[in-house]
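Undergrad: Let me begin by handing over the structure; questions about it come next.
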Amino acid sequence: MAFDFGNANEAQRSAISTTDGPLLIIAGPGTGKTYTLVKRIVYLITEKDVLPEEIMIATFTEKAAKELITRITNELYAVGVSVNLNEMYIGTFHSICLRILKDHLEYTRIKKNYRMLDNFDQQYMVFQKINRFRNLLYFDVIFDKKQGAWRQAGEIVKYVNNLAEELVDIDEMQGDADEHIVAVANIMKQYNTLMKDENLIDFSSIQTEAYKLLIEEPSILEEIQQKIKYVMVDEYQDTNYIQELLVFLIAGKNKNICVVGDDDQGLYRFRGATIRNILEFPGHFAEGECKQVKLVTNYRCITDAPIDKTKGAQYLGACITASLHKLNKSGQLADGNPHNSDNKEKWDTCNHFSKIFSGFSSGMWEVWLDLFTKWDVDENIEIPYYLVITVEDLTQTNNIYEAIIQESAGRFKPIETVRVPIRQ
């Protein structure tokens, strides 16, 4: 019996049926990404006889993982397949890593009855032991003596959390000529000593401990590589350095890695995420080895008229653009050229904003704006453009709004969507 691809389009069918070797799926909002993931997993189980415990799916929220499980279960039930999905490695990177640690606890620094610290617990633990940190060499180089113990504890936790998943070499840092770097290294070493002595683990060190376990215990790594034959990662543009290492480490030589993401969206810079992971993913393999599939059909907006939908993302310092198509009600693709005579003015005006706001190009906050054109209102057509501006002070957004309205003569209406603190 042939596999039921449902309403999957040609690009989705290609992504669903490509199971062996590396696969990069570029999928913007509304392009049926989750549908494709669900169908691909069902395809692996029903067509390739892959067991649920041989599949790892990393998502960025537990809610997304639960939704996947529900939809996979329903799809399998619809075709009369009954399997136990409880053994599937599905969840956030942190939950998957914690599961690996729990299964091999005796090989880690963590003992039974360990305690997990949240951010407040971390700060309170450091606060209680603040004198141990204050007595460290070069502590006063990075901390003001007048600063209170609680505030110092908070700053220490920030240093620890920012560096924990970067896999920095503390011993190498302690030998650095810069006193500031040595001070941070001493703090990290003291913090790690406390965590080990008191059998504690925090959120930022879960992935680090799992990585160390797999690197230091080859037999366990081999066991996991033999068990997990297919690795899938959602929102790959939001992964950080250690998560990329974990993906390739677990996948091993079979290279059955499927990553899904949108190179136009990178929202987790404060977690150390880097969009380089998705941009450079094909470069980890031989030329032509990594298959790339782009999902460009937007299913969220159905309109009466064939329209040209082009989403332009103008980043100050880096410009990444991605094209999106929309469907008319007959289900046909509505293609178009954003640079034709009808749309050239709109495109040029949006790009012109990057020059207007060059004065706001440095700071602590990213303000994400949606700019919607008003040219084709009579035909019920709106072409969205996205602009990301970095500002030092959020009050500057008022100046930005006024500049947009004035420069476009009221044709653009700015909508603030996200305020993201940039990780320094």
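Derivation of every value follows stated rules applied to the coordinates shown; laboratory data play no part. Every value quoted in this text rests on a predicted model; they were computed, and no experiment measured them. Note that each Cβ is placed from the backbone with ideal geometry, even for glycine, and that neighbours are counted across all protein chains shown.
Undergrad: Classify the stretch 89-227 from the C-alpha gyration tensor, please: rounded if a/c falls under 1.5, else prolate or oblate depending on whether a/b exceeds b/c. Provide the component values of the computation, followed by the final result.
TA: On the way: a/c = 2.52, a/b = 1.78, b/c = 1.41.
Here the stretch 89-227 falls in the prolate category.
Undergrad: Describe numerically, in nm with one decimal, the distance between label points set 7 Å from Cα along Cα→Cβ at ASN7 and at PHE203.
TA: Between ASN7 and PHE203, the simple spin-label model gives 3.7 nm.
Undergrad: In nm, what is the difference between 0.36 nm times the number of residues separating ASP103 and PHE285 and their Cα-Cα distance?
TA: Values: separation 182, 0.36 × 182 = 65.52 nm, distance 3.11 nm.
Value of the extension gain: 62.4 nm.
Undergrad: Give, as a single signed number, the net charge of other residues whose beta carbon lies under 13 Å from the beta carbon of ILE250, with Lys and Arg counted +1 and Asp and Glu -1.
TA: Values: positive: ARG99, LYS227, LYS229, LYS253, LYS255; negative: GLU54, GLU222, GLU223, GLU244.
Residues near ILE250 contribute +1 overall.
Undergrad: Can you put THR59, THR18 in order of Cβ neighbours within 10 angstrom, beginning with the fewest?
TA: THR18, THR59
Undergrad: Among THR31, THR61, THR73, which comes first, then next, by fewest other beta-carbon atoms within 10 Å?
TA: Values: THR31 24, THR61 12, THR73 16.
Fewest-to-most Cβ neighbours within 10 Å comes out as THR61, THR73, THR31.
Undergrad: I've got another one for you. Quote to one decimal, in nm, the extra length available between ASP169 and SER219 on full extension: 0.36 nm per residue of separation minus the C-alpha distance between them.
TA: Values: separation 50, 0.36 × 50 = 18.00 nm, distance 2.43 nm.
Computed gain between ASP169 and SER219 is 15.6 nm.
Undergrad: Among 34-40, 147-153, 120-126, what's the highest-first ranking by average C-beta atoms within 10 angstrom per residue? Working shown, then result.
TA: Numbers: 34-40: 22.3, 147-153: 14.6, 120-126: 18.0.
Taking the mean over residues of other Cβ atoms within 10 Å, the ranking is 34-40, 120-126, 147-153.
Undergrad: Right, here's the next one. Taking 0.36 nm per residue of sequence separation and subtracting the Cα-Cα distance, how much length would be gained by fully extending the chain between ASP178 and PHE248, in nm to one decimal?
TA: On the way: separation 70, 0.36 × 70 = 25.20 nm, distance 3.37 nm.
Working it through step by step, the gained length comes to 21.8 nm.
Undergrad: Here's something else I'd like to know. Which residues' amide hydrogens lie under 5 Å from the amide hydrogen of THR92, considering only partners 5 or more residues apart or on another chain, with H built in the peptide plane?
TA: THR59
Undergrad: Is the shape of the stretch 1-87 rounded, prolate or oblate, going by the alpha carbon gyration tensor and its root eigenvalues a ≥ b ≥ c, with a/c under 1.5 for rounded and a/b larger than b/c for prolate?
TA: Numbers: a/c = 1.38, a/b = 1.10, b/c = 1.25.
Rounded shape, in that the Cα axes give a/c under 1.5.
Undergrad: While we're on this one: Counting other beta carbons within 10 Å of each Cβ, put MET56, MET116 in order, fewest first.
TA: Numbers: MET56 23, MET116 11.
Fewest to most other Cβ atoms nearby, the residues stand as MET116, MET56.
Undergrad: Taking H placed 1.01 Å from N in the peptide plane, check which residues at least 5 places from LYS255 or on another chain put their amide H under 5 Å from its amide H.
TA: Residues meeting the amide H criterion: none.
Undergrad: So who's got an amide H within less than 5 Å of the one on LYS294, skipping anything under 5 residues away but keeping other chains? H placed 1.01 Å off N, in plane.
TA: Under 5 Å from the amide H of LYS294: ILE26.
Undergrad: What distance in nm separates the two pseudo spin-label positions at ASN84 and LEU136, each 7 Å out from Cα along the beta-carbon direction?
TA: 4.6 nm
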